[in-house]
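Student: One structure, pasted below without further comment.
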Number of protein chains: 2
Amino acid sequence: MRPSGAADWSFPSPVTRLPQPVSRNLALWTASRKLFTVPRMTRILGIDPGSRATGYGIVDADGPAVAHVASGVIRPAGASLPRRVAAIFRALGEVVAEHAPEEAAVEAVFVHRNAEAALKLGQARGAALCALLEAGLEVAEYNPREVKLALVGNGAAAKAQVQHMVRTLLALERAPEADAADALALAICHHHTRATLARLPAGARRGRRRGRGWR
Amino acid sequence: MRPSGAADWSFPSPVTRLPQPVSRNLALWTASRKLFTVPRMTRILGIDPGSRATGYGIVDADGPAVAHVASGVIRPAGASLPRRVAAIFRALGEVVAEHAPEEAAVEAVFVHRNAEAALKLGQARGAALCALLEAGLEVAEYNPREVKLALVGNGAAAKAQVQHMVRTLLALERAPEADAADALALAICHHHTRATLARLPAGARRGRRRGRGWR
């Protein structure tokens with residue numbers, strides 16, 4: 001009997017130990033790497049809501065690598081705002097069903113000076129939030145300044161700079177439409193923030209999440 | 001052959017005309033009354049959206065009679081706005097599933113001077129619209145002035161007057177909570193407007209619907 005708590009460091013007996021094929025050892029090594037060291041691939045959906053145009057962008061993030069999955073702009077048909085709002089809800093539901101993202105990021109409320117525009121934006125945002133939370137997704141929020149800071153390194157960067165960085169990071173042939181680019185930027189910003197959070201100790205992480213508008 | 005366009009006013013021949021039992025004549029008369037004159041009973045859901053408190057009220061309207069079915073205030077739990085917005089969506093979905101209203105009326109956007117409040121209200125309103133339109137309901141919109149005019153006869157009536165009229169019209173033992181009363185007032189206003197529209201000729205009706213914010 002071994003003393004309890006001590007590991008069995010004895011070399012396996014050449015008689016009982018059967019030779020393992022290299023491929024199985026490799027598979028085990030890869031699996032353990034995936035489980036314990038390499039952050040597994042995460043599919044992130046970014047949303048830039050608007051009553052006339054709602055941008056969405058999906059990326060697959062795997063460690064430092066970020067790959068473009070899909071992006072586009074939802075332009076809801078229908079003359080009336082209620083119909084447009086419902087169309088955004090339905091279209092985003094379809095996007096989520098098709099691409100099955102695991103996490104979501106939505107542009108945080110940018111305080112408008114115009115109350116009427118804020119009301120319209122609010123309704124589009126409400127529809128987007130309903131679609132995401134109904135699909136069981138956690139929703140993180142980032143304001144435009146945070147997104148610009150994460151992508152360009154300057155919180156006051158111009159829209160064109162963000163579009164350029166999105167295009168470069170995702171190795172796209174041409175820059176996506178403005179609203180889709182903003183949505184992709186949100187998804188990338190969320191990935192960067194997650195990666196930073198994962199490296200922080202647990203206490204700091206919780207505080208930081210609250211500070212960053214994690215809900 | 002009769003000249004075209006002239007109605008056949010000749011008295012039916014007593015030979016070919018068979019005697020009809022009174023009960024059948026009565027049944028036919030009742031059916032025709034139901035089809036052409038008496039509006040059938042309609043269940044109407046009124047919603048007064050808000051991010052902290054969303055009022056709802058359901059009435060059964062049958063001609064001039066309006067009966068209270070259910071009313072209440074949804075106070076979404078959860079500290080964050082996205083969670084509250086999703087909670088409104090879910091709660092309204094349950095109200096619709098339980099009471100199966102046929103028509104819905106939502107308080108029209110009251111232009112706020114405060115953009116931040118407008119953004120929050122907009123998100124709550126977006127969630128409410130999604131819940132209603134997802135359930136296949138048509139949504140009519142009335143602004144507070146129209147509701148007050150329909151209930152009290154004065155577009156600038158005080159909130160207490162509206163609450164009093166709601167209580168009187170629905171023969172309630174006590175006045176409902178402010179947000180629930182507003183929602184019930186919306187449902188009653190919608191019923192009055194529908195009844196007026198039904199009495200107008202088709203051309204005027206269409207114009208009026210557009211003017212009143214029918215969507």
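The values are calculated or read from the model by the stated rules, or taken from the named source; none is laboratory data. Bear in mind that the values here come from a model prediction, so they are computed numbers and not experimental data. Please note: Cβ atoms are built from the backbone with ideal geometry, for glycine as well, and neighbour counts cover all protein chains shown. Only protein heavy atoms, including side chains, enter the accessible area calculation; ligands, DNA and RNA are left aside. Shrake-Rupley method; radii C 1.70, N 1.55, O 1.52, S 1.80 Å.
Student: Enumerate the calculated ³J(HN,Hα) couplings along the range B:51-63 in order (Karplus 6.51 cos²θ - 1.76 cosθ + 1.60, θ = phi - 60°), each rounded to whole Hz, writing x wherever the residue is Gly or Pro.
Tutor: Here the 3J(HN,Hα) series is 6, 8, 9, 10, x, 9, x, 10, 10, 9, 10, 9, x Hz.
Student: Using a simple charge model, +1 on the beta-carbon of Lys and Arg, -1 on the beta-carbon of Asp and Glu, nothing else, what dipole does the range A:42-201 show about its Cα centre, in debye to the nearest 20?
Tutor: Once rounded to the nearest 20, the dipole reads 520 debye.
Student: Can you list the residues of the range A:90-118 with backbone N under 11 Å from a point 7 Å past the Cα of residue B:116, pointing along Cα to Cβ?
Tutor: Only A:111-112 fall inside the zone, counting backbone N under 11 Å.
Student: Ballpark to the nearest 100 Å², how much total accessible area do A and B bury together, probe 1.4 Å?
Tutor: So the total buried area for this chain pair works out to about 2500 Å².
Student: Ok, one more. Inside 10 Å of the C-beta atoms of A:73-80, what's the mean count of C-beta atoms belonging to other chains?
Tutor: Mean number of neighbouring Cβ atoms from other chains: 1.
Student: Something else about it: Step through the residues of the range B:180-187 one at a time and calculate ³J(HN,Hα) from phi using the Karplus curve (6.51 cos²θ - 1.76 cosθ + 1.60, θ = phi - 60°), rounding each to whole Hz and writing x for Gly and Pro.
Tutor: 5, 5, 4, 5, 5, 4, 4, 5
Student: Measuring nothing but label to label, 7 Å from Cα along Cα→Cβ, what are residue B:64's distances to the other copies in nm, shortest first?
Tutor: Those label-point separations list as 8.1 nm.
Student: Report the gain in length on full extension from residue A:28 to residue A:161: 0.36 nm times residue separation, minus Cα-Cα distance, nm rounded to one decimal.
Tutor: Residue separation times 0.36 nm, minus the Cα-Cα distance, leaves 43.5 nm.
Student: Here is a follow-up. Compute the label zone of residue B:173 within the range B:72-94: residues whose backbone N is under 13 Å from the point 7 Å along Cα-to-Cβ.
Tutor: The answer is none.
Student: Under the rule of at least 5 residues apart or a separate chain, name every residue whose amide H is placed under 5 Å from the amide H of residue B:105.
Tutor: Here the answer is B:45, B:46, B:47, B:140, since their amide H atoms fall under 5 Å of that of residue B:105.
Student: Then there is this: As an exercise, use a Förster radius of 30 Å and the Cβ-Cβ distance of residue B:145 and residue B:83 to find the FRET efficiency, rounded to the nearest 0.05.
Tutor: Numbers: r = 33 Å, r/R0 = 1.10.
Computed FRET efficiency for residue B:145 and residue B:83 comes out at 0.35.
Student: Could you check how much of the accessible area of the range A:42-201 is carbon and sulfur, as a whole percent, using a 1.4 Å probe?
Tutor: Answer for the range A:42-201: carbon and sulfur cover 52 percent of the accessible area.
Student: Report the paramagnetic label zone for residue A:97: residues of the range A:104-132 whose backbone N is under 14 Å from a point 7 Å from Cα along the Cα-to-Cβ axis.
Tutor: A:131-132
Student: What accessible area per residue comes out for the range A:42-201, rounded to a whole number of Å², with a 1.4 Å probe? Could the numbers behind the result be given before it?
Tutor: Numbers: 6600 Å² over 160 residues.
Per residue, the range A:42-201 has 41 Å² of solvent-accessible surface.
Student: Here's another thing I want to ask about it. Quick one: which residues, 5 or more positions from residue A:69 or on another chain, have an amide H under 5 Å from its amide H? H modelled 1.01 Å from N in the peptide plane, none for Pro or chain starts.
Tutor: The list, which skips near neighbours in sequence, is A:58, A:59, A:60.
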